[in-house]
Amino acid sequence: MPYDDKYWQKEEILPRKELEEIQLKRFRWVVRHAYDNVPFYRRRFREAGVHPDDVRRLEDLAKLPFTTKEDLRENYPFGLFAVPKEKLVRVHTSSGTSGKPKVVGYTARDLENWVNLCARCLYMVGLREKDVFQNMVSYTMFTGGLGMHYGAERIGAMVVPSGTGNTKRQIEYMLDFGTTAIHCTPSYALHIKEVAEGMEIDPKEIGLRIGCFGAEPWSESTRKKLEDAFGLKAFDSYGLSEMNGPGVAFECEEQNGLHVWIDHYIVEIVDPETGEPLSDGEKGELVLTPLTKEALPLIRYRTGDITFVMDDECSCGRTHPKIHRILGRADDMIIVRGINVFPSQIEHVLMSIPEVGDNYQVVITRKGALDEITVRVEVKDEFFTGELSDIERLRKKIQDRLREELGLRTNVELVEKGTLERFEGKARRVVDMRKEL
Ligand SMILES: [Zn+2]
């Protein structure tokens, strides 16, 4: 049952001071829980010369060691779990680019907390009992599917668990079932738009009201594109399996930053190179400590995601701080001729140029000692005149805008619509050939 017609739970609007009291109590619990039940943490704490008794204030967090993705992999499958296997009611995995997956687990209470966090997010963007929620992400080991599925169900919306793939069928479901809300990656939503148009359906006719988009970084210009095409409001979703899954942070009606639920997670931003804590407003790597997880109490988990804390008051009335939409991944950050480049910056430039289609690819090569960055861009059919001078003018325009944004010279290659590979899950837009040498 919702708290009222605007908030799913009353914790969303508790005064910050009260939230911090809850945080401190839970923080001390989770540190003790990890230390008592996970030999890995007992060893790590000893090596760092800290003990749970040293943890008295929230500031003491900085004394504790980090946990990394490698720690999870090295302790595959259940080595970091703090409860015996019979207490687990579900596991998920999170795939990486190489090696063993990371395994995450849940007790019954963990699942209950997670469902409510997802429900908070969906209720925040206006999902209600009357809505039809089409969940177009993978339902298997990936947390995005079941996480949002149960969140929407808890609110009482009708859930269409259509998963990924078969885009024409997805569009038919939307039209026939009266879908009002969708959840998928932003690149898949752009693909749906293309397929709908190919079926001679105006995406606006579908009648979507709410779009929840996550699992890959996207830009303001993509938001505008999605909102204009479907006539919906597009919201950014953030989560990761190691922190339950989706439901860690989500945009509210302001669409300016994502509220992080700090009664369940402590947020820190650190320098990705040195691990030194940074202050509000400074860009760095997001580090999260879950406060209520029984099965997998990860202390100071390095997410690898780059963002910053926006400590503004929010007009929606929620008292939880906001983080900026993810700017990129610490590991995706490409260093080209000594300059840090995030693929999201390139996307932002491309999506703001009307002639550019929805697909692009970034290829990085090395010629001798020099890195070369080539951006391959699909041009919309209506702008593909075949006139060489038009093509050259557009190419130059894209190159100039990219130079302004990145501070780098790039090669721009224009290709016809339909040339580049399409993705139904997370898009792989960057090909770094330097790594393959
Ligand atoms: Zn808000």
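The values are calculated or read from the model by the stated rules, or taken from the named source; none is laboratory data. Remember, it's a predicted structure, so these values are computed and weren't measured experimentally. Here the Cβ positions follow ideal geometry from the backbone for every residue, glycine too, while neighbour counts run over all protein chains shown. All accessible areas refer to the heavy atoms of the entire protein, side chains included, with ligands and DNA or RNA removed. Shrake-Rupley method; radii C 1.70, N 1.55, O 1.52, S 1.80 Å.
Quick check on the range 111-133: of everything there that is among the aliphatic types (A, V, I, L, M) and in a loop (DSSP other than H, G, I, E, B), which residue is nearest to the ligand (Cβ to nearest atom)?
Filtering the range 111-133 down to residues among the aliphatic types (A, V, I, L, M) leaves 111, 115, 117, 119, 122, 124-125, 127, 132.
Subset that is in a loop (DSSP other than H, G, I, E, B): 125, 127.
On the way: Val125: 10, Leu127: 16 Å.
If we take residues in the range 111-133 being among the aliphatic types (A, V, I, L, M) and in a loop (DSSP other than H, G, I, E, B), then Val125 is nearest to the ligand (Cβ to nearest atom).
Identify all residues within the range 229-263 that are more than 16 Å from the ligand (Cβ to nearest atom) and touching a strand residue (DSSP E or B) at 6+ places or on another chain (Cβ under 8 Å); write none if there are none.
Applying the first criterion (more than 16 Å from the ligand (Cβ to nearest atom)) to the range 229-263 yields 229-232, 239-246.
Those that are more than 16 Å from the ligand (Cβ to nearest atom) and touching a strand residue (DSSP E or B) at 6+ places or on another chain (Cβ under 8 Å): Phe230, Leu232, Gly239, Leu240, Ser241, Glu242, Met243, Asn244, Gly245, Pro246.
If the condition is being within 30 Å of Pro84 (Cβ to Cβ) and either within 16 Å of the ligand (Cβ to nearest atom) or part of a loop (DSSP other than H, G, I, E, B) (or both), then the range 299-322 contributes Ile299, Arg300.
In the set Leu296, Leu226, Leu208, Leu288, only one residue is more than 16 Å from the ligand (Cβ to nearest atom), modelled with pLDDT of 95 or more, in a loop (DSSP other than H, G, I, E, B) and closer than 22 Å to Phe142 by Cβ; that residue is Leu296.
In the range 153-167, is there at least one residue being of a type outside the set (S, T, N, Q) and closer than 22 Å to Asn359 by Cβ? Yes: the range 153-167 contains one or more residues that are of a type outside the set (S, T, N, Q) and closer than 22 Å to Asn359 by Cβ.
Does Lys283 count as out of contact with any Pro (no Cβ under 6 Å at 6 or more places or on another chain), among the basic types (Lys, Arg), within 16 Å of the ligand (Cβ to nearest atom) and in contact (Cβ under 8 Å) with a residue 24 or more places away in the chain? Against the criterion (out of contact with any Pro (no Cβ under 6 Å at 6 or more places or on another chain), among the basic types (Lys, Arg), within 16 Å of the ligand (Cβ to nearest atom) and in contact (Cβ under 8 Å) with a residue 24 or more places away in the chain), Lys283 does not qualify. Only one of (1) surrounded by fewer than 23 Cβ atoms within 10 Å (Cβ to Cβ); (2) out of contact with any helix residue (DSSP H, G or I) (no Cβ under 6 Å at 6 or more places or on another chain) is not met by Tyr150, so which one is it? Status for Tyr150: all satisfied but (2).
What about Gly328, is it of a type outside the set (Phe, Trp, Tyr), out of contact with any Gly (no Cβ under 7 Å at 6 or more places or on another chain), open to solvent by less than 10 Å² (accessible area, probe 1.4 Å) and more than 16 Å from the ligand (Cβ to nearest atom)? Even if it seems obvious, please write down each step before you answer.
Working: of a type outside the set (Phe, Trp, Tyr): yes; out of contact with any Gly (no Cβ under 7 Å at 6 or more places or on another chain): yes; open to solvent by less than 10 Å² (accessible area, probe 1.4 Å): yes; more than 16 Å from the ligand (Cβ to nearest atom): yes.
For Gly328, the condition - of a type outside the set (Phe, Trp, Tyr), out of contact with any Gly (no Cβ under 7 Å at 6 or more places or on another chain), open to solvent by less than 10 Å² (accessible area, probe 1.4 Å) and more than 16 Å from the ligand (Cβ to nearest atom) - is met.
Criterion first (open to solvent by less than 60 Å² (accessible area, probe 1.4 Å), within 30 Å of Arg128 (Cα to Cα) and touching a helix residue (DSSP H, G or I) at 6+ places or on another chain (Cβ under 7 Å)) does Pro2 satisfy it?
Numbers: open to solvent by less than 60 Å² (accessible area, probe 1.4 Å): yes; within 30 Å of Arg128 (Cα to Cα): yes; touching a helix residue (DSSP H, G or I) at 6+ places or on another chain (Cβ under 7 Å): yes.
Criteria met by Pro2.
Within the range 70-93, residues that are over 13 Å from Ser241 (Cβ atoms) and modelled with pLDDT of 95 or more sit with their Cβ atoms under 8 Å from residues that are open to solvent by 40 Å² or more (accessible area, probe 1.4 Å) and of a type in the set (Gly, Ala, Ser), at 6+ positions apart or across chains, in these pairs: Val89/Ala108. Of all the listed residues (Leu111, Leu61, Leu117), the sole one being free of Cβ contacts under 8 Å to residues at least 40 places away in the same chain, touching a strand residue (DSSP E or B) at 6+ places or on another chain (Cβ under 7 Å), within 21 Å of Trp261 (Cβ to Cβ) and open to solvent by less than 40 Å² (accessible area, probe 1.4 Å) is Leu111. Can you name every residue in the range 397-431 that is among the aliphatic types (A, V, I, L, M) and either open to solvent by less than 30 Å² (accessible area, probe 1.4 Å) or in a loop (DSSP other than H, G, I, E, B) (or both)? Result: Ile398, Leu402, Leu406, Leu408, Val412, Val415, Leu420, Ala427.
At pLDDT below 95, open to solvent by 80 Å² or more (accessible area, probe 1.4 Å) and not basic (Lys, Arg): does that describe Glu21? Spell out the reasoning first.
Details: at pLDDT below 95: no; open to solvent by 80 Å² or more (accessible area, probe 1.4 Å): yes; not basic (Lys, Arg): yes.
No.
For the condition open to solvent by 10 Å² or more (accessible area, probe 1.4 Å), in contact (Cβ under 8 Å) with a residue 24 or more places away in the chain and not hydroxyl-bearing (Ser, Thr, Tyr), Leu350 does not qualify.
You will find that of Lys380, Lys397, the residue that is modelled with pLDDT of 85 or more, touching a Lys or Arg at 6+ places or on another chain (Cβ under 9 Å) and basic (Lys, Arg) is Lys380 and no other.
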